[in-house]
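Working notes, structure below.
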């Protein structure tokens, strides 16, 4: 396997994609930064995500990847299976190990921007996805096109 090249990415120069799906209230704006396909990184997927006020990615889990969220601006609310909400703001790092139920929302009045990592996979297609309650989604897939995925 060839080594990936060293690169400096300008986040503002990366194309934005507005994403909606059946398990999201509102929408999110994705900028895909790192993946096997984009940058040759086989064990990490990184996105810059913007969550407008009112955004909710409802309770779900990822069985095949650990997830890390680092707020850049604004804050997000993390809700785990315990039901106790936690505010995550710039200066915090939220680690959600694979298999843990989680819901991410923006309950604030301004956009929240985060760096969002999946470790242990090279593609968002490999993270695994299970909505809360074990109900399989009707389509059988995450319904995303290449480069446009829900990540939270």
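Residue 100: closer than 16 Å to residue 129 by Cβ and part of a loop (DSSP other than H, G, I, E, B), yes or no? Answer is yes for this residue. How many residues does the stretch 70-94 contain that are free of Cβ contacts under 8 Å to residues at least 40 places away in the same chain, over 24 Å from residue 130 (Cβ atoms) and assigned to a strand (DSSP E or B)? So the count comes out to 1.
For the stretch 1-69, the strands (runs of 3 or more DSSP E) that sit wholly inside it and include 3 or more residues that are closer than 17 Å to residue 105 by Cα, touching a strand residue (DSSP E or B) at 6+ places or on another chain (Cβ under 7 Å) and at pLDDT 95 or above are 28-34, 44-51, 56-61. Specify the residue that is farthest from residue 52 (Cα to Cα); the eligible residues are those in the stretch 70-84 that are loosely packed, with under 13 Cβ neighbours inside 10 Å and in contact with a strand residue (DSSP E or B) (Cβ under 9 Å, 6 or more places away or on another chain). Applying the filter and picking the extreme gives 81.
Within the option set 92, 57, 64, being surrounded by 13 or more Cβ atoms within 10 Å (Cβ to Cβ) and within 21 Å of residue 120 (Cα to Cα) holds for one residue only, 64.
The values are calculated or read from the model by the stated rules, or taken from the named source; none is laboratory data. From a predicted model like this one, the values you see are computed outputs, not experimental measurements. Here the Cβ is made from the backbone with ideal geometry for all residues, glycine too, and neighbour counts use every protein chain on show.
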